[in-house]
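Report on the following structure.
The values are calculated or read from the model by the stated rules, or taken from the named source; none is laboratory data. These numbers come from a predicted model, not from an experiment. Cβ placement follows ideal geometry from the backbone for every residue including glycine, while neighbour counts extend to all protein chains displayed. What goes into the accessible areas is simple: the full protein's heavy atoms, side chains included, and nothing from ligands, DNA or RNA. Shrake-Rupley method; radii C 1.70, N 1.55, O 1.52, S 1.80 Å.
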Amino acid sequence: MSQYRSVNAPRWWAILLGLLLAVVIGADGVLAQEPTWRERRTANFAILYPDGVETIAEEYAAFVDGVYDEISAIFSYPAPTPVILRIYPTMELYERINPLAAQIPGVVAHAHTGRREISVALPQTAGQSQEQIVNNVRHELTHIIAADLSGNKLTTAFQEGIAQYVEHPGPELDAKMRFMRQVIDQGRLLPWSELNRPGVAYSDPMVSYPQSYTMVAFLIQRDGMATFRRFMEASRTSSGYRAALEAAYGVSADQLEREWRA
């Protein structure tokens, strides 16, 4: 892990350890302690923010509809609107609704798929480029769409893989691929059956997140986005990811995994 950190910028934590996924968060006892939320509507988003963050809200308003159109076109699926984008100006407020953020450095955002809500921890974006900030929204909106298409049945590995895949490439992608070469050389690749077990993706995210990215990139390069979407949709009614893969790709999950490893 020390080698891995040496080749990655802090943004790596933002992507790999940010828990940029659909998380279920209980609201009981939280709303009463929250500030008064202002709302800035766009064509597809309701941007919620407290006093003092008006300028940031306007900056998000300038690009979020473009992200919505882009991601909707990729999946041929427009998520029901408005999508909520909630901006937390302090980590204290953010960690109140996402307590795990206090335990893992670099948490930037998460998606609550049930409410179609994206939450952003503003202090964590301070050192990010504009493209990275936009990628945060691309990533989280993809989680919402993937949950819709799969009936919230897509495994964490494939959720994180597709959410990373739709981000626009940057230096972080090169870092992932360098690290994946180390993982392969060290024999640390996880079998798909292991990586897709509940909780495993978070047991060693420095390996599982880039590996998840390569799995999804392989599947899309092999048969295109339309087939990957069929896999997500098949997850609604399949007994698991293996049956859904076979339904969409016409070959077994084992065969696909062998091709990916090759």
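Observations, loosely collected:
- The number of residues in region 192-240 that are under 12 Å from residue 160 (Cα atoms) and small (Gly, Ala, Ser) comes to 4.
- So residue 178, is it part of a loop (DSSP other than H, G, I, E, B) and among the basic types (Lys, Arg): no
- Of 39, 59, 117, 54, all but one fail to be of a type outside the set (Val, Ile, Thr), out of contact with any Ser or Thr (no Cβ under 9 Å at 6 or more places or on another chain), under 24 Å from residue 159 (Cβ atoms) and modelled with pLDDT of 95 or more; the exception is 117.
- Of the residues making up region 17-25, not a single one is surrounded by 12 or more Cβ atoms within 10 Å (Cβ to Cβ), at pLDDT 95 or above, farther than 30 Å from residue 175 by Cα and out of contact with any Lys or Arg (no Cβ under 7 Å at 6 or more places or on another chain).
- In region 126-146, the residues that are open to solvent by less than 10 Å² (accessible area, probe 1.4 Å) and more than 18 Å from residue 220 (Cβ to Cβ): 136, 137, 140, 144
- Boolean, residue 236 is assigned to a helix (DSSP H, G or I), within 18 Å of residue 147 (Cα to Cα) and either open to solvent by 70 Å² or more (accessible area, probe 1.4 Å) or among the polar types (S, T, N, Q) (or both): no
- Any chance residue 197 is in a helix (DSSP H, G or I), of a type outside the set (Ser, Thr, Tyr) and either open to solvent by 60 Å² or more (accessible area, probe 1.4 Å) or farther than 30 Å from residue 131 by Cβ (or both): no
- Index of the failed condition, residue 164 passing every other in (1) open to solvent by less than 40 Å² (accessible area, probe 1.4 Å); (2) not in a helix (DSSP H, G or I): (2)
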